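> I'd like to ask you about the structure that follows.
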Amino acid sequence: MSGHAIQCPVSFRAQDVSYVMHSLLSARSCAVIGADGIGKTDFLRHLLSEPVRDHYLAERSPQMAFLLIDSHALAQPSALAYYRRMTAGLEQILLQYGLTPATAPHLSRVDEEEAILVLFERVKALLLFQDLLQLVFAFDEFTVAFTEVEQHFLRVLHALRASYSGRISYVVTSRNVPALLCDPVQQKIVYQMFAELFNGYVWGLKPLVESDAFSQMDLWLAQEHTGLPLSLRKLCFQATGGHPGLLKTTVLAMADGSLSLRGQDSLEALLEQSLLHASVLSQCELLWQSFSETEHYCLRTLRHGILQRNWLMSPLSPSLLREALRMLMLKGILHEVKSDTTFQCFSPLFAAFVARQGVPGLQLDLVRQQVWIDGVLQTKRLTVREFKLLRFLASHAGDICSREETTWAVYGEEYVAKDDAARLDALVERARKSIGDTSRPPRFLETVRGTGHRLNAYVGERF
C-alpha cells in the first residue's frame with residue numbers, strides 16, 4: 001500500500017481519521033496503535049494530506065501546522081536525531097511564513113543541549129508570530145522512541161507541550177504500547193510518560209472495513225493493469241480479514257496466477273494454497289513478529305480461530321495477560337464473541353498460520369506416545385507407565401485425580417497407602433523430569449497434598 005494513501009478518497013478510514021482529528025480539535029495528543037502491515041505510514045500520510053485536513057478540520061485547517069517526523073528515516077535513532085528532525089521541519093514552516101530562523105549552529109554540529117534550545121526557540125518564534133496557530137508533530141513508527149531512544153526524550157516532548165498549553169499536540173503511530181514493548185527496567189518510566197503524553201487517547205488501527213478494502217483492491221489491480229472477479233475479491237477479503245498487507249499480497253498473487261484455486265472457489269482451498277505461497281507466508285510472518293511475547297502466548301492458544309480466556313494458564317502475571325488481550329482487541333486482531341470470555345481471530349488465514357507456530361502448554365500424541373511442550377517435541381522418551389500417568393491425568397485435565405483412581409489407571413491395582421504412596425510419588429517425579437517439569441512449583445504435574453494429582457496447561461491431543 002505504501003505511497004498510495006494520498007490517492008484514497010477522503011472517506012478512507014473515516015472512523016480512524018475522525019477520532020484523531022477530534023483529538024486535535026480538542027488540543028489533545030493521540031497514539032495510534034497498529035500491527036505491522038496494517039498501513040500505519042499510509043494512514044499518517046493520508047491524515048496529513050490537504051484534502052483530508054480541509055474536510056475534517058474545516059475552518060480550523062489553516063490554523064494547524066503539521067510536521068511529519070519519519071522514524072524510519074533516522075540513520076541512528078536517538079533523542080538528538082529527533083530534535084534535529086523536528087527543528088529542521090520548524091525551519092521550513094518559519095520560511096513559509098516569511099520568517100528567518102534565528103542564527104544557530106548547523107544542525108549537524110549541535111549537541112543535544114543546543115538542539116533542545118534551538119527547538120524551543122523556533123517553536124516560540126512560530127507561535128508568537130501566529131497567535132492562533134496549533135502545531136502538530138506527527139511521529140511515524142514511534143515504537144523506536146519507546147524502545148531505542150533515551151527516556152528523557154519523552155520528558156522533553158512533555159515539557160515542550162506544557163510550555164504552550166493547547167497549542168502543541170502529538171500524533172504518533174506505534175506497533176504497541178510500552179507495557180508490552182519495554183523491558184521491566186524501562187517499562188515503569190516509559191509507561192508513565194506515555195500516560196502523561198496521551199492521557200488515554202489511544203486508538204487502535206484495525207484491518208480495513210469492506211468498503212475501504214474494495215477501494216484498495218481497485219487501486220492495486222488498476223496499477224498492475226489486471227483484474228480479478230468479484231467472487232475472488234470477496235474470498236480474499238474473507239480470508240485475510242481486511243488486513244492491508246495480507247489482502248494486497250493475496251489479491252495480487254491471485255491476479256498474476258501464482259496463487260490459483262484451480263476452479264475451487266472456496267475459503268478452505270484458498271487457505272490451503274495461501275499457506276504454500278512464499279509472499280503470503282512472508283506477510284503472515286511480518287504480522288506475527290510485530291506482536292509481543294505475551295501476545296504470542298495468547299495467540300498460540302487459538303483453536304480453530306477461537307480463544308477462550310480460561311485456556312490462558314501461564315506463569316505470566318494476570319495484569320500482563322489482560323493488557324495483551326486488550327491490545328489484541330484494540331488492534332482488531334481478536335474480536336470479542338462472548339463478553340470477556342471468548343475471542344475470535346480476525347482472519348482465517350492468519351489463524352491457520354498461527355496454528356503452525358506451536359501451542360503453549362502440554363500436548364500428547366497418543367498414537368506415537370510422544371509429548372509436545374509449547375509446540376516442541378520432547379526428545380526424551382517416557383516409560384510406558386510415565387505415559388500412562390500423563391494420559392490418564394490428561395483425560396481429566398484441570399481436575400484433581402485421587403491416588404486411588406490414578407493407581408488403578410496406571411498399575412491396574414487397588415491403592416494401598418502404605419505400599420503405593422511412595423511408588424506413585426516416585427512415578428510422578430520421574431514423569432516430571434522426563435518432560436522437563438519441576439516440583440517447585442510445577443507447571444504441569446501438580447501434587448495436591450492429601451488429595452491426589454492434577455495435570456495443568458494441557459491443551460489437547462496432537463494429531
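> Pairs please, first residue from segment 424-443 and over 16 Å from Phe392 (Cα atoms), second anywhere and among the aliphatic types (A, V, I, L, M) and open to solvent by 20 Å² or more (accessible area, probe 1.4 Å), Cβ atoms under 6 Å, 6+ apart in sequence or on different chains.
Ser434/Leu382
> Out of the residues in segment 143-161 meeting the condition of being at pLDDT 95 or above and in contact with a strand residue (DSSP E or B) (Cβ under 9 Å, 6 or more places away or on another chain), tell me which one is most open to solvent (accessible area, probe 1.4 Å).
Arg161
> Checking the condition closer than 28 Å to Asn310 by Cα, at pLDDT 90 or above and part of a loop (DSSP other than H, G, I, E, B), which residue from His396, His453 passes? Explain how you work it out, then say what you get.
Values: His453 fails: part of a loop (DSSP other than H, G, I, E, B).
From the options His396, His453, the qualifying one is His396.
> Which one of these does Leu205 not meet: (1) open to solvent by 30 Å² or more (accessible area, probe 1.4 Å); (2) closer than 30 Å to Ser26 by Cα; (3) among the hydrophobic types (A, V, I, L, M, F, W, C); (4) touching a Phe, Trp or Tyr at 6+ places or on another chain (Cβ under 8 Å)?
Exception for Leu205: condition (1).
> For Ala138, are the conditions met, namely being at pLDDT below 90 and either in a strand (DSSP E or B) or open to solvent by 40 Å² or more (accessible area, probe 1.4 Å) (or both)? Break it down into steps so the answer makes sense when it comes.
Numbers: at pLDDT below 90: no; either in a strand (DSSP E or B) or open to solvent by 40 Å² or more (accessible area, probe 1.4 Å) (or both): yes.
For Ala138, the condition - at pLDDT below 90 and either in a strand (DSSP E or B) or open to solvent by 40 Å² or more (accessible area, probe 1.4 Å) (or both) - is not met.
> Which residues, counting only those in segment 217-256, are in a loop (DSSP other than H, G, I, E, B) and either open to solvent by 50 Å² or more (accessible area, probe 1.4 Å) or over 23 Å from Leu286 (Cα atoms) (or both)? Outline the logic, then answer.
If we filter segment 217-256 for residues that are in a loop (DSSP other than H, G, I, E, B), which is where we start, we get 224-229, 241-243.
Within segment 217-256, Glu224, His225, Thr226, Gly227, Leu228, Pro229 qualify.
> Would you call His72 part of a helix (DSSP H, G or I), surrounded by fewer than 17 Cβ atoms within 10 Å (Cβ to Cβ) and touching a residue at least 12 places away in the same chain (Cβ under 8 Å)?
So His72 passes the test.
> State yes or no: is Ser339 among the small types (Gly, Ala, Ser), open to solvent by 70 Å² or more (accessible area, probe 1.4 Å) and within 30 Å of the chain's Cα centre (by Cα)? Give the steps one after another, and end with the answer.
Details: among the small types (Gly, Ala, Ser): yes; open to solvent by 70 Å² or more (accessible area, probe 1.4 Å): yes; within 30 Å of the chain's Cα centre (by Cα): yes.
It is true that Ser339 is among the small types (Gly, Ala, Ser), open to solvent by 70 Å² or more (accessible area, probe 1.4 Å) and within 30 Å of the chain's Cα centre (by Cα).
> May I pose another question? Starting from residues that are part of a loop (DSSP other than H, G, I, E, B) and of a type in the set (D, E, K, R), keep the ones in segment 399-428 and report whichever is nearest to Thr447 (Cα to Cα). Can you show your working first?
Keep residues of segment 399-428 that are part of a loop (DSSP other than H, G, I, E, B), which gives 399-400, 412-416.
This time we only want the ones that are of a type in the set (D, E, K, R), so: 399, 413-414.
Numbers: Asp399: 12, Glu413: 20, Glu414: 20 Å.
Of everything passing the filter in segment 399-428, Asp399 is nearest to Thr447 (Cα to Cα).
> Is one or more of the residues making up segment 292-314 without any contact (Cβ under 8 Å) to a residue 24 or more places away in the chain and farther than 26 Å from Thr173 by Cβ? Before you say what the answer is, go through the steps one by one.
Here is the first cut: in segment 292-314, the ones without any contact (Cβ under 8 Å) to a residue 24 or more places away in the chain are 293, 312.
Narrowing the set further to residues that are farther than 26 Å from Thr173 by Cβ leaves 312.
Yes, segment 292-314 contains a residue that is without any contact (Cβ under 8 Å) to a residue 24 or more places away in the chain and farther than 26 Å from Thr173 by Cβ.
> For the structure I just gave you, tell me whether Ser165 is surrounded by fewer than 22 Cβ atoms within 10 Å (Cβ to Cβ) and small (Gly, Ala, Ser). Lay out the reasoning, then the answer.
On the way: surrounded by fewer than 22 Cβ atoms within 10 Å (Cβ to Cβ): yes; small (Gly, Ala, Ser): yes.
Taking the combined requirement at face value, the residue satisfies it.
> Check off (1) small (Gly, Ala, Ser); (2) closer than 19 Å to Trp220 by Cα; (3) out of contact with any helix residue (DSSP H, G or I) (no Cβ under 7 Å at 6 or more places or on another chain) for Ala278 and give me the number that stays unchecked.
(2)
> Among the residues of segment 92-123, count how many are without any contact (Cβ under 8 Å) to a residue 12 or more places away in the chain and either part of a helix (DSSP H, G or I) or of a type in the set (Gly, Ala, Ser) (or both).
Residues that pass the stated criteria total 8.
> Hey, among the residues in segment 26-63 that are open to solvent by 10 Å² or more (accessible area, probe 1.4 Å) and hydrophobic (A, V, I, L, M, F, W, C), which one's nearest to Phe194 (Cα to Cα)?
Within segment 26-63, the match that is nearest to Phe194 (Cα to Cα) is Ala27.
The values are calculated or read from the model by the stated rules, or taken from the named source; none is laboratory data. This is a predicted model, so every value here is computed, not measured. Note that each Cβ is placed from the backbone with ideal geometry, even for glycine, and that neighbours are counted across all protein chains shown. Please note that ligands, DNA and RNA were not included when accessible areas were found on the heavy atoms of the full protein model with its side chains. Shrake-Rupley method; radii C 1.70, N 1.55, O 1.52, S 1.80 Å.
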